[in-house]
Each structure stands twice: as structure tokens, then as C-alpha cells.
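Novice: There's a structure below that I have some questions on.
The values are calculated or read from the model by the stated rules, or taken from the named source; none is laboratory data. Bear in mind that the values here come from a model prediction, so they are computed numbers and not experimental data. A quick note on method: Cβ atoms are made from the backbone with ideal geometry, for glycine too, and the neighbour counts reach across all protein chains shown.
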Amino acid sequence: MTILYSFRRCPYAMRARMALAASGLPVRVREVLLRNKPPEMLAASPKGTVPVLVRTDGTVLDESLDIMHWALSQNDPEGWLRADPAETARLIAQNDGPFKHALDRYKYAGRHKTDGAAHRDAAMDILADLAARLEANGGQLLGPAPTLADIALFPFVRQFAATDEDFWASRAPASVQGWLAGHIASPRFAAIMTKFPRWQTGAEEPLLTAR
């Protein structure tokens, strides 16, 4: 059985779980605490970050995008891989690079000793670009239906929105607010956010639920 080491609130782990759930592949979840990582996870991936997928043949994928692509290459019933690969890659690079950089320094301004408002505004510039895409493409980033880019990005936008909910409600583009709300309200997102007890050696490994 394929094993996924995961941490419920990590946006990288969220997007991996979303793709695995969409694929319908049977996956058992080992929920971990990042401050107390199990030795089995570190043996599989010494870098110690989630998600980590250990396939039935023993091979390991320890980057969220690799897990998403692998799962959807096995089965992609909703066509998440159908969108233009170059545009998909550009959006994900913008998210994982400049947007994540600004998000961290907005959310954890004290830790980074930075001007949180300036980084918030930098992130908002990127959200304005997403808003234009949503409005031009019929509600999702690369068309009227979700694709890989939407699923890869929304967990990070969710983090941004939760940092200051009043600011989000009053200042974020309406199209981005609606897009995010739709993904958060989906049955699949509710399923992949199920709270599992912390995994320890020999403990139960619940199946990832598709929806």
C-alpha cells in the first residue's frame, strides 16, 4: 500500500492530498508532528519536510508537485492535467516563489523582522494577476473548470486570507475571494482535511478519503 506522510495544515501537503484524492488511488496517511518527525519518515526522506509519498515498490516522492503529477498521471478523471503545461508551470512558479516569499513575511513579520504590510501588498499584486485570469477564463485560473494550477495555488491563498480576515474581506479581489471560497467549500477539501491522530510506529494508518 502507498503511504503518505503528511501534516494537516501544511499547504504543500494539502495540494498533494487533493491530487491523490482526485486520482482515487488507495493511500494510507501517516499524520506527523513536524517538531517530532518519525524515524520512518526521515529514513525515507532525510530532508524532513512533508509531504513524503512512499510507493508500494519502495520508491519515494518528497516534493508536493511530483506527488501531484504522479497521482494524476495514474488517473486524472477530472482532467486536471489538461491545461497548458507552460502556463501551469508559470503560475505555480509565481506562487511557490514570489507569492510564498511575500506570504511568509506578511504572516510572520515579527519572526522575519520585516514590514508585513509591504509584503502583504506585494502578495496582493500577485492576487490581482490571478483575479484577471479568473475573470477572463470563466472562474478558474486556466479555464472554467479547475486544473492543476488551481489546486496547487489555493492552499497558499487560503493561508494569506486567514492571516487577516478583515483585510481579506475588504481588500481582496472579489473574484479571488469567490474562487477560494469555492475550493474551501468543496467536499474533497473537507475530506482531505479530516483530522487524524498523530501516527506512531504500529499505529493505524487511515485511508485517504476521496470526498
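Novice: Which residues, counting only those in region 40-70, are of a type in the set (A, V, I, L, M, F, W, C) and either more than 13 Å from Leu4 (Cβ to Cβ) or under 18 Å from the mean Cα position of the chain (by Cα) (or both)?
Specialist: Matches in region 40-70: Leu42, Ala43, Val50, Val52, Leu53, Leu61, Leu65, Ile67, Met68, Trp70.
Novice: Further question: Could you tell me whether region 52-66 includes any residue that is surrounded by 16 or more Cβ atoms within 10 Å (Cβ to Cβ), touching a helix residue (DSSP H, G or I) at 6+ places or on another chain (Cβ under 6 Å), within 28 Å of Ala161 (Cα to Cα) and modelled with pLDDT of 95 or more?
Specialist: Yes.
Novice: Show the residue pairs meeting these rules: Cβ distance below 6 Å; 6+ apart or different chains; first residue within region 10-31 and touching a residue at least 12 places away in the same chain (Cβ under 8 Å); second residue of a type in the set (Phe, Trp, Tyr) and buried (at least 23 other Cβ atoms within 10 Å of the Cβ).
Specialist: Short answer, once both residue conditions are applied: Arg30/Tyr5.
Novice: Cβ-Cβ distance below 7 Å, separation of 6 or more or different chains: which pairs start in region 176-191 with a residue that is under 26 Å from Val29 (Cα atoms) and at pLDDT 95 or above and end on one that is of a type in the set (S, T, N, Q) and in a loop (DSSP other than H, G, I, E, B)?
Specialist: Hits for this filter: Ala191/Thr209.
Novice: Follow-up. For region 74-93, give me each residue that is crowded, with 16+ Cβ neighbours inside 10 Å and either part of a helix (DSSP H, G or I) or in contact with a strand residue (DSSP E or B) (Cβ under 7 Å, 6 or more places away or on another chain) (or both).
Specialist: Across region 74-93, the qualifying residues are Ala83, Thr88, Leu91, Ile92.
Novice: Further, regarding this structure: Would you check if Ala71 is crowded, with 18+ Cβ neighbours inside 10 Å, outside the structural domain of Ser170 (by TED's automatic domain parsing) and either in a helix (DSSP H, G or I) or in contact (Cβ under 8 Å) with a residue 24 or more places away in the chain (or both)?
Specialist: When the stated conditions are applied, Ala71 passes them.
Novice: Going by what's in this entry, would Ala152 be described as surrounded by fewer than 20 Cβ atoms within 10 Å (Cβ to Cβ) and under 17 Å from the mean Cα position of the chain (by Cα)?
Specialist: Considered against the rule, which asks whether it is surrounded by fewer than 20 Cβ atoms within 10 Å (Cβ to Cβ) and under 17 Å from the mean Cα position of the chain (by Cα), Ala152 comes out as no.
Novice: Sticking with this structure for a sec: Taking region 13-40, which residues are in contact with a Phe, Trp or Tyr (Cβ under 9 Å, 6 or more places away or on another chain) and farther than 18 Å from Leu207 by Cα?
Specialist: Leu33, Leu34, Lys37, Pro38, Glu40
Novice: Only residues that are assigned to a loop (DSSP other than H, G, I, E, B) and surrounded by 15 or more Cβ atoms within 10 Å (Cβ to Cβ): list them for region 163-185, please.
Specialist: Asp164, Ala172, Pro173
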